[in-house]
Amino acid sequence: MIGCLLWLILFAISWPIALLFVVIYPLVWLLLLPLSLLGMSIAGILAILRAIILWPLRFF
C-alpha cells in the first residue's frame, strides 16, 4: 500500500522516472531471485547441520 503511494508521488513529481522504475523493478527482482533462493537453501542446510550437532545434547 505504501509502495503504491510512494510511486504515485514519484509519478506526480517525475513521470519518466516513475515509468522507468516500473520497467526496471521487475527485472532487478528477477535477477535477485536466484540469490534469494540460494540464501534460503544455505539457511536450511545450516539448520539441518545445527540440528544434527545439537541432537545428542537432548538426551542429557
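The values are calculated or read from the model by the stated rules, or taken from the named source; none is laboratory data. This one's a predicted model, so the numbers in the text were calculated from it and none came from an experiment. Cβ atoms come from the backbone with ideal geometry, glycine included; neighbour counts cover every protein chain shown.
Could you tell me whether any residue of the range 39-54 is surrounded by 10 or more Cβ atoms within 10 Å (Cβ to Cβ), at pLDDT below 95 and of a type in the set (A, V, I, L, M)?
yes
In the range 17-60, what count of residues is obtained for those that are closer than 30 Å to TRP7 by Cβ and aromatic (Phe, Trp, Tyr)? Give the derivation first.
Going through the range 17-60, the residues closer than 30 Å to TRP7 by Cβ turn out to be 17-40.
Now drop any that are not aromatic (Phe, Trp, Tyr), which leaves 21, 25, 29.
Of the residues in the range 17-60, 3 are closer than 30 Å to TRP7 by Cβ and aromatic (Phe, Trp, Tyr).
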